[in-house]
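The values are calculated or read from the model by the stated rules, or taken from the named source; none is laboratory data. This is a predicted model, so every value here is computed, not measured. Ideal geometry is used to build each Cβ from the backbone, glycine not excepted, and the neighbour counts take in all protein chains shown.
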Amino acid sequence: MDQKSPILKLNNIHKHYEMGDSEIRAIDGISLDIYQGEFISILGKSGSGKSTLMHIIGLLDHPTTGSVSFENRIIGDLKDYELAFLRSEKIGFVFQDFNLLPRTSALDNVILPTFYNKNISKIQGVKKASDLLEKVDMKDRMKNTTGQLSGGQQQRVAICRALVNDPTLILADEPTGNLDSKSGGEILNLLHDLHEEGRTVIIVTHDESISGITDRVIKLSDGKVIEDNWQKHDGKDYLNKIYV
């Protein structure tokens, strides 16, 4: 992992919301450097600021003050269409609720992001989507609508959709929140495999057991980072012990 320059840099960011006469400080002075190939969990209880931080890391929202840079580009200097282009090509999102089109096939759900990528032709998009679904053992279900799939299968499709544009960063928001233990373990194994392939993976979670598989744990409370620790361990071995 090249640690000379972070792919994502947050510098003293704050995010405040006005609620009537009150001001809510969702993020209160966070600075972080994220490097290529890191496997990170952002851990916190409800109201800790982790969802707001995820939106800022994912370039879905701007901080009230402070700066964000992605691959040495200052996000505040970019126009909306430039931000949309950057998100579509550089960041893959995996959501708790899957966010799939239920009446559309698994294959077409995965292909969809390539329509907005000028570097991928229609033929290339179909092949990339098919190859990804085969990789996650969904070859025999790719023609099924996602409404016909189990929760674990839908999350596999969602991960393939996140990967189809070959993003720099995978951002997974509570990826096992709607899954049973077995399916959740399978999804975490997939995310761990992506990290081992050299991808940068960030899992946002309230579950401390999930944070145990990652190499770096960033813990939030009241909009602040209260812990930022690296842990040396075998994530696969940990998964096998927790999710049997």
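Values computed for the structure shown
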| quantity | calculated |
| --- | --- |
| Residue that is basic (Lys, Arg), touching a residue at least 60 places away in the same chain (Cβ under 8 Å) and surrounded by 14 or more Cβ atoms within 10 Å (Cβ to Cβ), where the choices are LYS90, LYS128 | LYS90 |
| Residues that are aliphatic (A, V, I, L, M) and touching a helix residue (DSSP H, G or I) at 6+ places or on another chain (Cβ under 9 Å), drawn from the range 57-98 | LEU59, LEU60, VAL68, ILE75, LEU78, LEU83, ALA84, LEU86, ILE91, VAL94 |
| Criterion violated by LYS45 - all others in (1) part of a loop (DSSP other than H, G, I, E, B); (2) of a type in the set (D, E, K, R); (3) under 15 Å from the mean Cα position of the chain (by Cα) satisfied | (3) |
| Within the range 198-225, considering residues that are more than 14 Å from the chain's Cα centre (by Cα) and in a strand (DSSP E or B), the one farthest from ILE187 (Cα to Cα) | LYS224 |
| Single residue of the range 103-121 satisfying the filter (assigned to a loop (DSSP other than H, G, I, E, B) and at pLDDT 95 or above) that is surrounded by the most Cβ atoms within 10 Å (Cβ to Cβ) | THR104 |
| Residue identified as at pLDDT 95 or above, in contact with a helix residue (DSSP H, G or I) (Cβ under 9 Å, 6 or more places away or on another chain), among the basic types (Lys, Arg) and not in a helix (DSSP H, G or I) among LYS15, LYS9 | LYS15 |
| Unmet requirement for ILE75, which otherwise passes all of (1) modelled with pLDDT under 95; (2) within 19 Å of the chain's Cα centre (by Cα) | (1) |
| Scan of the range 53-84 for residues that are without any contact (Cβ under 8 Å) to a residue 24 or more places away in the chain, part of a helix (DSSP H, G or I) and touching a Lys or Arg at 6+ places or on another chain (Cβ under 9 Å), ordered by number | HIS55, GLU82 |
| Hits in the range 12-32 (condition: surrounded by fewer than 14 Cβ atoms within 10 Å (Cβ to Cβ) and either in contact (Cβ under 8 Å) with a residue 12 or more places away in the chain or small (Gly, Ala, Ser) (or both)) | ASN12, GLY20, SER22, GLY29, SER31 |
